[in-house]
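A short worksheet on the structure shown next.
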Amino acid sequence: MLYRSGEFKEKAELLLSATEQYIFTSSGRVYADSKTLITEESPRLLDVCKDRSYLKTDEYALAKAREENILLESMQKNWTIIRPYITYNVERLQLGAIEKDIWLHRALHDRSIPLPKDVATHQTTMTYGGDVAAAIAALIGNKRSLGEIFNLTGTEHMTWSEVLDIYLAVLEKEVEPKVYALEDSSEFSNEVGNTYQVYFDRLYDRVFDNSKLISVTGELTFRKMEDGLSDCLAEFLMKPRWRMLNCAAEACINRQTGEKMSYSELNSSRDKIKYFGWYHIPKVMRTVRKLKKQ
């Protein structure tokens, strides 16, 4: 699913030689901001972005685009590049750039759901995982897909604020959810560690054209966003299961809202120390994290 771009360069020809068709999972995040429908020919961040500090990184969207280039420049054409965007199911339900293990866990523990105002007004496209799988299956063994790139999304879109309303309608049957509208994403994304994802994706309108996919595979069915998100959330609430709490995110939101969390929610002494640090001395914690990356 994810190689560093230098690592993929070393493996690409071997992968292509080992199979009749290599399906490369790229991402809709490779695209630059677009005021029109996003087609496979729309400009990519790697090609048009002017932010030098960002371009020096191998962040997800840039790594995927660089790896696409490796395939595009290959003499072999037995590859198919797919660009899914935000794919959801029972296990993964995003709100902006915030995973359910943050926003939903907070809601079920009587704390506010965070949604930054700058993200809330932007359009997003979310596609049910089963539909994405069916689209991939329709491309496998399809000779018309060789040497081609495809958007693997539905076409329905809505604002993140509307996505939140769908979640709230389901949650209100179980709890009394509260929402905290952060003024912007800057501090929160910095502490969560997803600044690039926010500023080079979630603050763009993401509305896709999947007509090329349909022209090659034939008609595909895509679940309506409202139905799919509602059903997946309702199913998850029947048996909640969490992956990992983000101590930095919890601390950042709680500092702003004045809310508290019980240390019993944290699984280890290390998590308790991290939460304490991010809540009381965030500047020190940011410095420590930066030093670890160097």
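The values are calculated or read from the model by the stated rules, or taken from the named source; none is laboratory data. It should be emphasised that the depicted structure is a prediction, and the values quoted were computed from it without experimental measurement. Neighbour counts run over all protein chains shown; Cβ positions are idealised from the backbone, glycine included. Surface areas here come from the heavy atoms of the whole protein model, side chains and all, with no ligands, DNA or RNA. Shrake-Rupley method; radii C 1.70, N 1.55, O 1.52, S 1.80 Å.
I'd like the orientation of helix 60-72 relative to the chain: the angle between its Cα long axis and the longest Cα principal axis, in ° from 0 to 90, rounded to 10.
That works out to roughly 10 degrees.
Rounded to the nearest 0.05, what FRET efficiency is calculated for THR257 and ASN89 with R0 set to 35 Å and r the Cβ-Cβ distance?
Numbers: r = 29 Å, r/R0 = 0.83.
About 0.75, to the nearest 0.05.
Work the Kirkwood hydrodynamic radius out for the stretch 155-241: mean of 1/r over every pair of different alpha-carbon atoms, inverted, in Å.
Evaluated over the stretch 155-241, this radius sits at 15.9 Å.
Nearest 10 degrees, 0 to 90: what angle lies between the long axis of helix 282-293 and the longest principal axis of the chain (Cα atoms)?
Compared with the principal axis, the helix lies near 30 degrees.
Which order do you get for LYS117, LYS224, LYS212 if you rank them by accessible area with a 1.4 Å probe, largest at the top?
LYS224, LYS117, LYS212
When N counts the residues of the stretch 33-171, how does its alpha-carbon radius of gyration compare numerically with 2.2 N^0.38 Å, as a ratio?
Details: Rg = 17.7 Å, N = 139, 2.2 N^0.38 = 14.3 Å.
Relative to the 2.2 N^0.38 Å estimate, the stretch 33-171 comes out at 1.23.
Would you work out which of TYR128, THR57, SER27 lies farthest towards the positive end of the dipole of the chain, given +1 charges on the beta-carbon of Lys and Arg and -1 on that of Asp and Glu, about the Cα centre?
The residue sitting farthest along the positive end of the dipole is THR57.
To the nearest 10 degrees, how steeply does helix 129-139 sit against the main Cα axis of the chain, on a 0 to 90 scale?
10 degrees
What fraction of the Cα pairs in the stretch 1-64, stated in percent, has a spacing above 14 angstrom? Spell out each step's value before the answer.
Values: 1288 of 2016 pairs.
Here the long-distance tail beyond 14 Å is 64 percent of all Cα pairs in the stretch 1-64.
Can you give me the % of accessible surface on the stretch 46-100 that is carbon or sulfur? Probe 1.4 Å, all protein chains present, nothing else counted. Mind showing how you got there, number by number?
Working: 1250 of 2340 Å².
Whole-percent figure for carbon plus sulfur exposure: 53.
Is there a pair in LYS178/LYS260; LYS77/LYS212; LYS9/LYS293; LYS9/LYS77; LYS56/LYS290; LYS143/LYS212 whose C-alpha atoms are over 20 Å apart, and which pairs would that be?
Values: LYS178/LYS260 14 Å; LYS77/LYS212 18 Å; LYS9/LYS293 23 Å; LYS9/LYS77 16 Å; LYS56/LYS290 16 Å; LYS143/LYS212 14 Å.
Cα-Cα > 20 Å for LYS9/LYS293; rest within.
Please give the direction-averaged projected area of the C-alpha convex hull for the stretch 179-294, in square nanometres with one decimal.
Numbers: hull surface 44.9 nm².
Taking the Cα atoms of the stretch 179-294, their convex hull projects to 11.2 nm² on average.
Accessible area of the stretch 158-294 with a 1.4 Å probe: how many percent of it is carbon plus sulfur?
Numbers: 3980 of 7690 Å².
Answer for the stretch 158-294: carbon and sulfur cover 52 percent of the accessible area.
What base-10 log of the normalised intensity I(q)/I(0) is obtained for the chain from the Debye formula, alpha carbons as equal point scatterers, at q = 0.09, 0.10 Å⁻¹?
Relative scattering, expressed as log10 I(q)/I(0), comes to -0.49, -0.61.
So which residue, out of VAL30, VAL216, VAL198, gets the largest mean-square fluctuation from a GNM of the chain using Cα contacts under 10 Å as springs?
In the Gaussian network model the winner is VAL216.
Only Lys, Arg, Asp and Glu count, each charged at its Cβ (+1, +1, -1, -1), so figure out the dipole size of the chain about its Cα centre, rounded to 20 debye. Don't jump to the answer; show the numbers that get you there.
Details: 41 positive and 43 negative charges, 245 e Å.
So the magnitude is around 1180 debye.
Label ASP227 and ALA134 with points 7 Å out from Cα along Cα→Cβ: what is the distance between them in nm?
Going by the 7 Å Cα→Cβ label model, 1.0 nm.
Measuring with a 1.4 Å probe in the full set of protein chains, what accessible area per residue, in whole Å², belongs to the chain? Don't skip to the end; give the middle numbers.
On the way: 14700 Å² over 294 residues.
The answer is 50 Å² per residue.
How would ARG4, ARG289 line up by accessible area, probe 1.4 Å, largest first? Don't skip to the answer; put the middle values down first.
Numbers: ARG4 165, ARG289 65 Å².
Heavy-atom accessible area, descending, gives ARG4, ARG289.
So what is the calculated 222 nm ellipticity per residue for the chain, using -39500 (n - 2.57) for each DSSP H run with n of 4 or more, over all residues, to the nearest 500 deg cm²/dmol?
Values: 14 runs with 133 residues, N = 294.
The helix-only estimate for the chain comes to -13000 deg cm²/dmol at 222 nm.
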